[in-house]
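What follows is a single structure, and I will ask about it in a moment.
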Amino acid sequence: MSRQIGNYVWDNSGFLGEGSYGKVYKGKDVKTGELVAVKCMDMSQFTDQFMKESLENEIGVMKILHSNNVVRMLHCEQDKKTTYIILELCPDGDLRKFIHSNGGHLNETLSLEILNQLMFGFKELVDHGFIHRDIKPENTLIKNKVYKVADFGFACKADISGKKLIKECVGTPLYMAPQLLENTPYTSKSDLWSIGMMFYEMLFGKTPWPARDINSYLRNMKNSPLRFPYDKPIGKNTKDFITRCLTINEKSRISWEEVFQHPILKSISGKQEGPAFNFDDKAKQIIRSMQQIVQTRNLNTEQIFYKFDSDHQGGLNPQEFHLLLQNIDPRITYYESEHLFQIVDSSKDGRISLQEFKAIFNEWDFSDINDVGAQVIVDLKEIIKHNKLSLKQIFQNFDKDKQGTLDLQEFQKLIRVVAPRLKDYEIVPVFKKFDTNGDNQVSFEEFYRVLAYGMEEQDSKFNPSYEKGKKLIGELKRIIKNHNLNLKQIFNNFDKSKDGKLNLEEFTKLVLVIDKNLPSAEIKTIFDLFNSDGDNEITFEEFSNTLAN
């Protein structure tokens, strides 16, 4: 059965979706044939006065706004039971879905085009003295490659100069300015923070700080610098725009007047500014792991630098640099710190300056923007840490068959409890990160190893020497493979006694070829990994089997 309000007609076959307060249908203007969206708001659901006011506010704001980059309200009518809002139909979905369908992040040119279009919409709000207060990808709708600002329920009149304070806290926490998260007064510049967050997410498919939990999000925002992904350089102007939007102090944040004069709004991204260092994959992996631990523990890297700068000359020699990295992550090997030192010491003076050091931890984000699973794990660690959750208890609660493992279905239920806002498409990549042996089950050991390392209260359960030993075995495998070396020949070269076995002394000489500064206690740990039968001698069979696993 079709229904009609004014010139607009629709029926149940055009059902598009449903929310807490009503349903949306595809309809048509009977005079022009234009397709429209019909929002039928069930007024019996508006029991909260604030929500009633939000609906009235949305209608009032949309009556005023007229821009090609703002979703147009075509008609509004109300009876005792229902409020009908007729909007232009945006059949191409929202920006969130668009980003996901394009691989999770967009190239800089397309991101700039979208931002420029949206800024025309925001300018319409600003010119009428409004701010939006709920800017996010879901509130950007798309129609024939035109991007439109939508959902004005939280919009309000504001002093666009940024001088007058607002106290009401509304919006979506992930995109809220820090002032709103802390329930402190804010100004019209709060929207500029949200624009910066959304633009960053368009470019990189993630937020600058872990953001699944409000309190940890706020803490990370204040304690961790704004960093840009190492593997995706962007233009100087693009970087400047984001940096000035995401300035925590509102007084220092870019103003609306400055925004509309910014070169980026002429689609001038500026020259790409790549990092000063050319890190290879090994170096990136080392720093990525370090950054995750620094994030998890909220470490102050500058304070750590001064702690290990023994002569207070503002630089670290290779040994000091190794000790510093080992202080952050006891698993670090000397060959790893030496490899990193050679790259970061750009001046080649045998010392790493504070400026060179800060470039590692403060300027660039070494996480892989295409690795959804790794990004989610960082967020999960933050939630577990902040809420003081027990990993064992969490695991046991969802191991329904008590087999000591979680299948995908059990794992999904667990993850949904810890991070309820996780998207469906994020679940499988996360599961694969935990299922390290690929048997389609996650054991508690796998679960624990992924989530616990880097958390101070959990670190005592890890043996750094054992972890380091496994790394050195991996490095030995790499050397053998890259140089196409013969295992038997290597073994015989260090078997000085020619008894077909390596004792600890002989094995030590072999290992020191890989890491010349390895302490004797750690060499013994590696020796024990090879010496599977515990007789204090390594046979060739033990040697080859360990390197084959």
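The values are calculated or read from the model by the stated rules, or taken from the named source; none is laboratory data. Computed from a predicted structure; not experimentally measured. Here the Cβ positions follow ideal geometry from the backbone for every residue, glycine too, while neighbour counts run over all protein chains shown.
Which one of the conditions (1) touching a Lys or Arg at 6+ places or on another chain (Cβ under 7 Å); (2) modelled with pLDDT under 90; (3) small (Gly, Ala, Ser) does residue 274 fail to meet, given that it meets all the rest?
(1)
Let me ask another. Identify, from the list 264, 304, 254, 248, the residue that is over 23 Å from the mean Cα position of the chain (by Cα), assigned to a loop (DSSP other than H, G, I, E, B), of a type in the set (Val, Ile, Thr) and surrounded by 13 or more Cβ atoms within 10 Å (Cβ to Cβ).
Of the residues listed, the single one that is over 23 Å from the mean Cα position of the chain (by Cα), assigned to a loop (DSSP other than H, G, I, E, B), of a type in the set (Val, Ile, Thr) and surrounded by 13 or more Cβ atoms within 10 Å (Cβ to Cβ) is 254.
Limited to segment 174-189, what total is found for residues that are in contact (Cβ under 8 Å) with a residue 60 or more places away in the chain and either closer than 17 Å to residue 123 by Cβ or in a loop (DSSP other than H, G, I, E, B) (or both)?
Residues in segment 174-189 being in contact (Cβ under 8 Å) with a residue 60 or more places away in the chain and either closer than 17 Å to residue 123 by Cβ or in a loop (DSSP other than H, G, I, E, B) (or both): 4 in total.
Out of the residues in segment 190-210 meeting the condition of being in a helix (DSSP H, G or I) and polar (S, T, N, Q), tell me which one is modelled with the lowest pLDDT.
So, considering only residues that are in a helix (DSSP H, G or I) and polar (S, T, N, Q), the one modelled with the lowest pLDDT is 190.
So that you can scan it fast, the table gives a plain yes or no per residue for (1) assigned by TED's automatic domain parsing to the domain that holds residue 192; (2) surrounded by 14 or more Cβ atoms within 10 Å (Cβ to Cβ); (3) touching a helix residue (DSSP H, G or I) at 6+ places or on another chain (Cβ under 9 Å):
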position	(1), (2), (3)
67	no, yes, yes
73	no, yes, yes
76	no, yes, yes
81	no, no, yes
84	no, yes, no
99	yes, yes, yes
108	yes, yes, yes
112	yes, yes, yes
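For residue 498, indicate whether it is under 16 Å from residue 471 (Cα atoms) and surrounded by fewer than 12 Cβ atoms within 10 Å (Cβ to Cβ).
no
Take segment 44-75 and flag every residue that is over 17 Å from residue 153 (Cα atoms) and not in a loop (DSSP other than H, G, I, E, B).
Selection gives 44 alone.
Still on this structure, please answer the following. Condition first: modelled with pLDDT of 90 or more, assigned to a loop (DSSP other than H, G, I, E, B) and crowded, with 17+ Cβ neighbours inside 10 Å. Now tell me which residues in segment 211-230 satisfy that.
Listed by number, the residues that qualify are 226, 230.
Regarding residue 379, is this residue buried (at least 16 other Cβ atoms within 10 Å of the Cβ) and outside the structural domain of residue 206 (by TED's automatic domain parsing)?
yes
With the condition kept exactly as written, say whether any residue in segment 76-91 is assigned to a loop (DSSP other than H, G, I, E, B) and free of Cβ contacts under 8 Å to residues at least 24 places away in the same chain.
Yes, segment 76-91 contains a residue that is assigned to a loop (DSSP other than H, G, I, E, B) and free of Cβ contacts under 8 Å to residues at least 24 places away in the same chain.
What residue, among those in segment 324-338 that are over 23 Å from residue 314 (Cβ atoms) and either of a type in the set (Val, Ile, Thr) or assigned to a helix (DSSP H, G or I) (or both), is modelled with the highest pLDDT?
Result: 336.
I've got another one for you. May I ask you to list the residues in segment 495-531 that are modelled with pLDDT of 90 or more and not in a helix (DSSP H, G or I)?
495, 496, 497, 498, 499, 500, 501, 502, 503, 531
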